[in-house]
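What follows is a single structure, written as structure tokens, with notes after it.
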Amino acid sequence: MREAVHYGLHFGLPILVAFGWYPRKSWLVLGILLAGLLIDLDHLLADPVFDPGRCSIGYHPLHSYFAIAVYVALLLFRKTRLLGLGLMIHIAADSADCLLLAMEAQGG
């Protein structure tokens, strides 16, 4: 279930936003929102690159609290708002994954 929620948010939420709120520019907006997935390149700096038991938030450089503050700041400006939204959707998906991971660890 954790994977379904995680990847559902990574891909489903951008699709809903792009086609629901930007019908005339939906494909362009979807591309910008999905560009938020590029912050996962920081996983290449970790050893191991993929660890299903690791929470990304606060661990990887582009998932740090400082980086998240920058992504929130991008929401404040019209020209960077969609990129900021894509990055924050990514962070929301990873945060949900961390929450579900913690629940699994507690046996729930």
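Every number in this text was worked out from the coordinates using simple rules, so none of it is lab data. Not measured: the values here are computed from a predicted model. Glycine also receives a Cβ, built like all others from the backbone with ideal geometry; neighbour counts cover every protein chain displayed.
Here is how the numbers come out for the structure above:
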| read-out | value |
| --- | --- |
| Dipole axis of the chain (+1 Lys, Arg; -1 Asp, Glu on Cβ), positive-most option in HIS43, LEU101, LEU13 | LEU13 |
| Mean Cα-pair separation over length for segment 1-81, i.e. relative contact order, pairs under 8 Å, 6 or more apart, % | 16 |
| Angle in degrees between helix 65-74 and the longest Cα principal axis of the chain, rounded to the nearest 10 | 10 |
| Fluctuation leader among LEU87, LEU16, LEU30 - the chain, Gaussian network, Cα springs under 10 angstrom | LEU16 |
| Of ALA18, ALA69, ALA35, the one that fluctuates the most in a GNM where the chain has Cα springs shorter than 10 Å | ALA69 |
| Estimated inter-spin distance, LEU41 and LYS79, nm [label 7 Å along Cα→Cβ] | 2.1 |
| In degrees, nearest ten, helix 81-105 long axis to first principal axis of the chain (Cα) | 20 |
| Highest-MSF residue in the chain out of LEU75, LEU45, LEU62 [GNM, Cα springs under 10 Å] | LEU45 |
| Surrounding net charge for VAL5, when Lys and Arg each add one and Asp and Glu each subtract one, Cβ distance under 14 Å | -3 |
| Model label zone, GLU3; criterion: amide N under 18 Å from point 7 Å along Cα-to-beta-carbon; scope segment 34-78 | 49-56 |
| For segment 33-45, Karplus couplings with θ = phi - 60° (6.51, -1.76, 1.60), whole Hz, Gly/Pro x | 5, 6, 4, x, 5, 5, 5, 6, 4, 5, 5, 5, 7 |
| Dipole axis of the chain (+1 Lys, Arg; -1 Asp, Glu on Cβ), positive-most option in SER64, LEU75, GLY86 | LEU75 |
